[in-house]
Structure formats: structure tokens, C-alpha cells
1. Looking only at strands (runs of 3 or more DSSP E) that fall completely inside region 1-104, which ones have 1 or more residues that are modelled with pLDDT under 85?
2. Quick check: is even one residue across region 51-65 touching a residue at least 24 places away in the same chain (Cβ under 8 Å), of a type outside the set (A, V, I, L, M, F, W, C) and open to solvent by 70 Å² or more (accessible area, probe 1.4 Å)?
3. What is the residue count in region 151-173 for residues that are at pLDDT below 75 and closer than 15 Å to VAL114 by Cα?
4. Restricting attention to region 122-138, which residues are assigned to a loop (DSSP other than H, G, I, E, B), modelled with pLDDT under 75 and either open to solvent by less than 90 Å² (accessible area, probe 1.4 Å) or among the polar types (S, T, N, Q) (or both)?
5. For region 66-99, give me each residue that is over 18 Å from the mean Cα position of the chain (by Cα), open to solvent by less than 60 Å² (accessible area, probe 1.4 Å) and among the small types (Gly, Ala, Ser).
6. Search region 107-121 for residues being open to solvent by 70 Å² or more (accessible area, probe 1.4 Å) and not charged (D, E, K, R), and hand back the single one that is nearest to PHE60 (Cα to Cα).
7. Given (1) exposed (fewer than 15 other Cβ atoms within 10 Å of the Cβ); (2) closer than 26 Å to THR24 by Cβ; (3) of a type in the set (Val, Ile, Thr), identify the lone condition not met by VAL104.
Amino acid sequence: MLQVLYIKPVIPYFVVVFLARCRTIALHLDPDEVVRLSCSVNLRGKQALNLPVGYYGNAFAFPTAISKAGILCQSPLGYALELVRRLKTQMNEEYIKSVADLMVLNGRPHHTEVWNFLIADVTRVGLGDVDFGWGKPVYGGPVGARPCTSYYVGGFKNSSGEEGVLVPILLPLPIMNRFQQELFSNGIDYPIKIAPKL
């Protein structure tokens, strides 16, 4: 089932950890199972990396926060926020060069998808401002979501005219129902279902 969440503008990583935690609770994993939260991080503008002016190739990484499911689900949200804060602070020159070396030595291994919630913030790409002469778009961004991947897509308004962020999330129907219940229990009452089954 595909669900799109409309979220009022807030601190982006608060939303990330909140959704990752709700998703982990909905998955009903063994408390000792290791879960991951991978965030796409743009490397452009990082002084230590010295990317050449005009460089247009890939310049991002997916650092990953790791926790046991039970600890993530039972701890306050601050626990997950601290994991992400540490994740962002490790994005230094040494880390990036180490990732590049790993990619070369291991033949560009694919990131793990086992209990991994991978999220990318594409709010500043300007997808909501693209105009091909047909007027402002209703939606612009990735089509749907993969089972472990979601994207923030910003610059859109809900039916009340409030600007916010869209987050497509794809989960099997029983898990999506538990996920939605977890959102409701935390005071989030505006997820929109756009496809009943996939």
C-alpha cells in the first residue's frame, strides 16, 4: 500500500526519525533485530572536499544510523535524533574518502535494504515550481516509493492551503495499517492514501 504523508514544515531530521521510528514499530520486529536509517547527504559546498567548480557528477553519500529495533521503539525520540546528529557529524573528508575507497575496492556494493529506511530530502530541488506552461504542478517528484526508500518532496500545499512536505511511503497493507495507527496515536491525523493496494 502506498501512502503519502503531508507534513507541515518542521525540522527535517525530526520528521525523518519520527517516521523511521513509527515504521519500525509497525514492522513488529524482534527487539534484537538491527534496524538502519540511511539519509542521503549532499556533499556539495563542503569545504573539506574541494569539489572543483563546475563539477556536475554525483556528490552525495548515504551514512547510516544503526540501532536495535527494541531500543529504537522504546526510547524517546531524542535517542533517534542523537543517532542522526552523530551520523551527520561523521560526514567529514576522511569519511567520504573512506566510502570512495570502499566503492572502488568492493565494486560499488549496493546499500543494504534489510530493515533499512532510506530517505532523501529533495525539498530544495524545486520540483513544486516546475512550470511547463500548464500551471503549477500538483505533484513533482519520484513516482511513489520503494519498500525501504522515501523522499521528502516540498513546495506543495494541502487542501487548506498550508505549505508542507510530502513523504511517499510504501509498506504491505497490514504494516501500513499499523504504521497509520502509530501516526494517529502520535497526533498525526492527515495521512492520505493514494493507492489501496500494490
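1. Numbers: elements: 2-7, 34-39, 64-68.
Hits in region 1-104: 2-7, 34-39.
2. no
3. 0
4. VAL122, GLY126, PRO137, listed by residue number.
5. Selection gives GLY70, SER75.
6. Residue satisfying both the conditions and the ranking: HIS110.
7. Every listed condition holds for VAL104 apart from (2).
The values are calculated or read from the model by the stated rules, or taken from the named source; none is laboratory data. From a predicted model like this one, the values you see are computed outputs, not experimental measurements. Reconstructed Cβ throughout: ideal geometry from the backbone, glycine too, with neighbour counts over all protein chains shown. Quick note on the areas: whole protein, heavy atoms, side chains included, nothing else; ligands and nucleic acids left out. Shrake-Rupley method; radii C 1.70, N 1.55, O 1.52, S 1.80 Å.
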